[in-house]
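Student: I have a structure I would like to understand better, so I am pasting it below and will then ask my questions one at a time.
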Amino acid sequence: MAGAHPDLTNLQRLEAESIHILREVVAECERPVMLYSIGKDSAVMLHLAMKAFYPAKPPFPLLHVDTTWKFKEMIAFRDQRVRELGLDLLVHTNPEGIAQGVGPFTHGSSIHTDVMKTQALKQALDKGRFDAAFGGARRDEEKSRAKERIFSFRSAQHRWDPRQQRPELWRLYNTRVHKGESIRVFPLSNWTELDVWQYIHRENIPIVPLYFAKERPVVTRDGALIMVDDERLPLQPGERPEFRKVRFRTLGCYPLTGAVESDADSAPAIISEMLRTTTSERQGRVIDHDSAASMEKKKQEGYF
Amino acid sequence: MAHLLRFITCGSVDDGKSTLIGRLLYDSKMVFDDQLSALERDSKAVGTQNGALDFALLMDGLAAEREQGITIDVAYRFFSTGARTFIVADTPGHEQYTRNMITGASTADLAVILIDARRGVLTQTRRHSFLVSLMGIRKVVLAVNKMDLIAYDQAAFDRICADYRAFARQIGLDAVSAIPMSALKGDNVTARSTAMNWYDGPTLIQHLETVETVERPHEAPFRLCVQWVNRPDLSFRGFAGTVASGEIRPGDSVRVLPSGRDARVARLVTHDGDLTHAAAGQSVTLTLDHEIDIARGDVLASPLDPPAVADQFNTTIIWMSEDPLLPGRPYLVKIGTKTVTGTVTSLKHKINVNTLEHLAAKTLTLNEIAEANIQLAQPIAFDPYDKNRETGGFIVIDRMTNATVDAGLIRFALRRSENIHWQAVEVDKPARANLKHQKACVLWFTGLSGAGKSTIANALEKKLFGLGRHTYLLDGDNVRHGLNRDLGFTDADRVENIRRVAEVSKLMVDAGLIVLVSFISPFRAERELARNLLQPGEFFEVFVDTPLVEAEKRDPKGLYKKARRGEIRNFTGISSPYEAPQNPELRIDTSRASADEAADLILRLLTERAMLGGH
């Protein structure tokens with residue numbers, strides 16, 4: 001009976017599984033692309049891609065869907081990382097969104113997310129005629145994710161149909177699509193948030209400094225600590241940014257991403273903080289709270 | 001002991017499965033405050049526990065599941081204790097979701113089978129156990145739940161265990177650990193029960209933390225399915241793949257299959273430096289000491305104990321599609337990293353998953369399991385599934401819809417695939433065709449009944465005959481009087497009907513003839529099968545396109561009238577589908593062209609393609 005050598009650690013097994021998935025896509029799909037969102041999961045996924053194809057470089061470009069509302073430090077980190085590794089990066093922003101001035105403050109978080117993330121992503125995938133797109137989502141993030149396949153089929157309209165998922169047995173992935181259809185592939189499906197941090201620590205993977213605690217200017221909105229990353233954040237009368245020692249558990253558009261108060265300024269400190277925490281990482285994501293089925297709904301519309 | 005344990009839970013809502021997993025997650029602190037408050041909110045809104053926490057809602061992640069209060073699809077959940085990390089595949093228990101349970105079981109090391117202590121071993125318990133055993137899981141925990149509702153009665157527990165073990169032994173499940181518990185009250189899940197002092201075994205979590213499950217895959221012979229050939233430049237040629245079983249070191253000999261060539265491993269290359277050793281479960285890139293031809297899909301194996309190579313197998317298959325299995329239809333078969341065309345040549349019997357009875361079968365429908373012979377278009381390296389899941393398990397993909405329609409387990413190779421060799425002959429197809437001053441080909445006329453296929457084919461054959469060409473017309477009705485007299489009009493029989501005609505026309509092409517085939521041939525897949533039997537350029541699909549209303553108006557044989565009255569079942573266009581060709585070599589619109597004009601169109605095509613040599 002096959003399986004894994006009993007001496008392999010959990011991280012070794014997860015790493016091997018992810019590498020297997022990355023290679024399977026490259027071997028079978030015509031035009032793969034890797035969604036690079038600049039966060040810690042993307043950092044791990046990119047690191048795994050560097051390993052999977054060594055000594056070759058990953059044989060696909062990276063794609064960043066830029067909503068124009070990302071933290072400044074994220075963009076700086078992205079450009080530096082791509083330069084260091086010598087990879088191709090595609091950046092796409094929804095031109096209609098820019099023309100209409102769509103943003104989280106003027107249009108609300110759900111329209112902003114739909115136009116600048118979901119629609120923009122679909123445009124970028126159509127433009128590149130990509131038949132497979134890697135994403136860093138994990139099953140432990142959210143309960144509809146827990147039901148999703150590693151190779152998740154999308155119609156030509158990028159829709160996910162949870163009732164028509166392909167059975168996924170052993171390590172045998174079905175990558176076949178008709179013209180126009182595509183597959184979203186999640187190499188980190190079986191990783192947990194803790195695995196990601198332990199791996200970042202073990203492999204010394206560079207990540208955006210926003211994950212580490214530091215004094216940062218924040219305001220409190222609906223119970224969330226929002227960082228004042230630039231002058232576009234409208235301050236309410238009497239509201240004044242205050243410096244607090246905070247860090248981020250996930251990164252997205254800065255107005256939609258809540259910080260947590262923390263002293264953890266290194267990977268080991270974050271790991272030990274995580275072992276004590278009582279809230280999930282998506283708690284800081286403003287867009288996930290709309291309704292219990294909100295992630296599933298967004299995914300059906302083409303969100304990652 | 002392995003650091004990671006993957007297990008599957010089987011049982012229905014009533015057995016307390018979700019409560020059990022919810023408790024495991026909750027007790028190992030994997031449910032966070034914000035998730036808990038969402039759960040409290042959902043439990044009040046749509047819960048089934050009168051507003052108390054409904055752990056099922058934590059697990060059932062899809063809106064449809066929460067609305068209907070059932071688990072539809074597999075959910076993967078993660079938790080860890082100090083001793084081990086766990087991945088739980090939470091699978092639905094209902095028979096209509098057998099495929100989802102099979103999916104969860106395919107990667108599990110152990111199964112937890114839940115029983116409601118009040119109800120004992122039920123039909124569904126037997127079904128779950130059979131599926132678990134079928135997929136090669138050998139370790140089972142029998143979780144006898146709801147002990148609190150039978151006053152923690154030891155005698156009842158012992159009775160259930162004895163019942164279960166008697167059944168489990170019949171299906172090869174010997175390693176059964178039974179644990180009496182109450183998931184709701186927490187007895188023997190993570191904390192030892194004080195109400196069952198008569199039980200001195202481990203709690204569920206203690207058992208999961210310590211059970212030895214891995215059957216030493218690193219001691220099995222070496223296997224690696226080549227995923228990708230890594231060639232960044234001319235100086236490097238590496239073979240990337242995951243070690244399926246066994247171990248490998250630089251200097252070891254490996255055999256490449258199916259070619260059978262040997263080489264030695266030069267290096268095990270990784271981003272972090274070369275390895276001195278790699279074992280089952282690791283993803284590696286290896287280089288060899290000399291150049292040999294290796295491609296994706298090949299298997300690297302220990303030359304001391306290599307896998308066999310064959311193209312016909314006895315298998316167990318689990319059908320996973322709403323469309324029925326049709327023996328004879330070509331599908332894609334993916335095994336390891338190899339994808340080849342294959343067909344089910346015969347269904348030995350299907351298996352009633354509740355009673356394990358064997359039943360005769362001509363087709364399979366969703367969730368049915370059968371013993372079947374399959375034939376592949378090329379030989380592959382394999383191991384029997386019970387020796388190696390990685391090189392013995394396969395999936396089947398529908399070539400038209402691209403859906404995964406089947407999971408299969410190789411049992412053994414059929415001897416006849418080794419013993420029947422193709423007889424090479426010296427006078428060959430081009431020689432025979434040359435003698436006739438033509439190139440042999442098939443003109444495949446497809447279209448509805450009454451579309452005009454036979455009329456056009458007849459007109460064409462007369463013209464070809466007049467030109468001194470050697471032809472033969474295979475007509476659907478005529479062939480059904482002889483060769484295919486035993487076949488009816490079910491989907492399965494239609495597939496076999498076309499398969500035989502395709503094979504006959506292939507023989508006739510080999511004889512150097514221009515073959516005209518006039519068959520409704522309603523399914524794309526079988527026309528593709530016929531096309532694939534021939535060389536490129538030898539097959540001309542002629543779509544005789546007549547709208548249904550028009551064909552029905554003509555109704556030369558009065559068949560549409562009978563079909564409309566319900567006197568003919570499975571009539572194409574009325575009660576059985578017609579799949580129109582997407583890229584035929586020629587489409588004839590019979591509302592514009594007469595039979596004679598149509599025949600001329602085809603003649604022109606044949607001349608353009610240089611099928612008719614000059615005299």
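Every number here is computed from the coordinates shown, using simple stated rules; none is lab data. Owing to the predicted nature of the structure, the values given are computational and were not obtained by experimental measurement. Heads up, the Cβs are rebuilt from the backbone with ideal geometry, glycines too, and the neighbour counts pull from every protein chain shown.
Student: Once the Cβ-Cβ distance between B:HIS481 and B:LEU548 is put in as r, and R0 is 22 Å, what FRET efficiency do you end up with, to the nearest 0.05?
Tutor: Step by step, r from the Cβ atoms, then E = 0.25.
Student: Sticking with this one: Segment B:309-418: percent of C-alpha pairs farther apart than 24 Å?
Tutor: Of all Cα-Cα distances in segment B:309-418, 17 percent exceed 24 Å.
Student: Put +1 on the Cβ of every Lys and Arg and -1 on every Asp and Glu Cβ in the protein assembly as shown; which of B:PRO221, B:ILE294, B:ALA38 then has its Cα farthest towards the positive end of the dipole?
Tutor: So the residue we want is B:ILE294.
Student: Restricted to Cα positions, what overall size does the protein assembly as shown have along the principal axes? Three whole-Å values, descending.
Tutor: For the protein assembly as shown, the Cα extents along the three principal axes come out at 96, 74, 67 Å.
Student: Quick one: compute a quarter of the convex hull surface over the Cα atoms of chain B and quote it in nm². Could you put the intermediate results ahead of the total?
Tutor: Numbers: hull surface 145.0 nm².
Averaging across all directions leaves 36.3 nm² for the Cα convex hull.
Student: Given the -39500 (n - 2.57) contribution per DSSP H run of 4+ residues, what per-residue ellipticity at 222 nm results for the protein assembly as shown, rounded to the nearest 500 deg cm²/dmol?
Tutor: Here the helix-only value at 222 nm equals -8500 deg cm²/dmol.
Student: Also, quick follow-up: Using R₀ = 30 Å, calculate the FRET efficiency as 1/(1 + (r/R₀)^6) where r is the Cβ-Cβ separation of B:HIS358 and B:ARG415; round to 0.05.
Tutor: After rounding to 0.05, the efficiency reads 0.85.
Student: Next question. Could you tell me the largest-minus-smallest coordinate of the C-alpha atoms of segment A:36-99 on each of the three principal axes, in descending order and whole angstroms?
Tutor: 43, 21, 19
Student: Per 0.36 nm of contour for each residue apart, how much would the distance between B:HIS271 and B:LYS429 grow if the chain were fully extended, relative to their Cα-Cα spacing?
Tutor: 51.5 nm
Student: Still on this structure, I have one more. Considering only C-alpha atoms, what is the centroid distance from segment A:232-266 to segment A:69-118, in Å?
Tutor: 19
Student: So if R0 is 45 Å, what FRET efficiency would B:ALA166 and B:ILE292 give, r being the distance between their Cβ atoms, rounded to the nearest 0.05?
Tutor: 0.25
Student: So, with +1 on the Cβ of K and R and -1 on the Cβ of D and E, and no other charges, what is the size of the charge dipole of segment B:429-608 about its Cα centre, to the nearest 20 debye?
Tutor: So the dipole magnitude of segment B:429-608 works out to roughly 320 debye.
Student: Each label point is 7 Å from the Cα along the Cα-to-Cβ direction; what then is the distance between the points at B:HIS437 and B:SER346, in nm?
Tutor: Simple spin-label model gives 4.8 nm for this pair.
Student: Right, here's the next one. Past 27 Å, Cα to Cα, is the threshold; run A:LYS127/A:LYS298; A:LYS51/A:LYS298; A:LYS179/B:LYS506 against it and keep the listed order. Before the final figure, lay out each step's value.
Tutor: Details: A:LYS127/A:LYS298 21 Å; A:LYS51/A:LYS298 32 Å; A:LYS179/B:LYS506 31 Å.
From A:LYS127/A:LYS298; A:LYS51/A:LYS298; A:LYS179/B:LYS506, over 27 Å: A:LYS51/A:LYS298; A:LYS179/B:LYS506.
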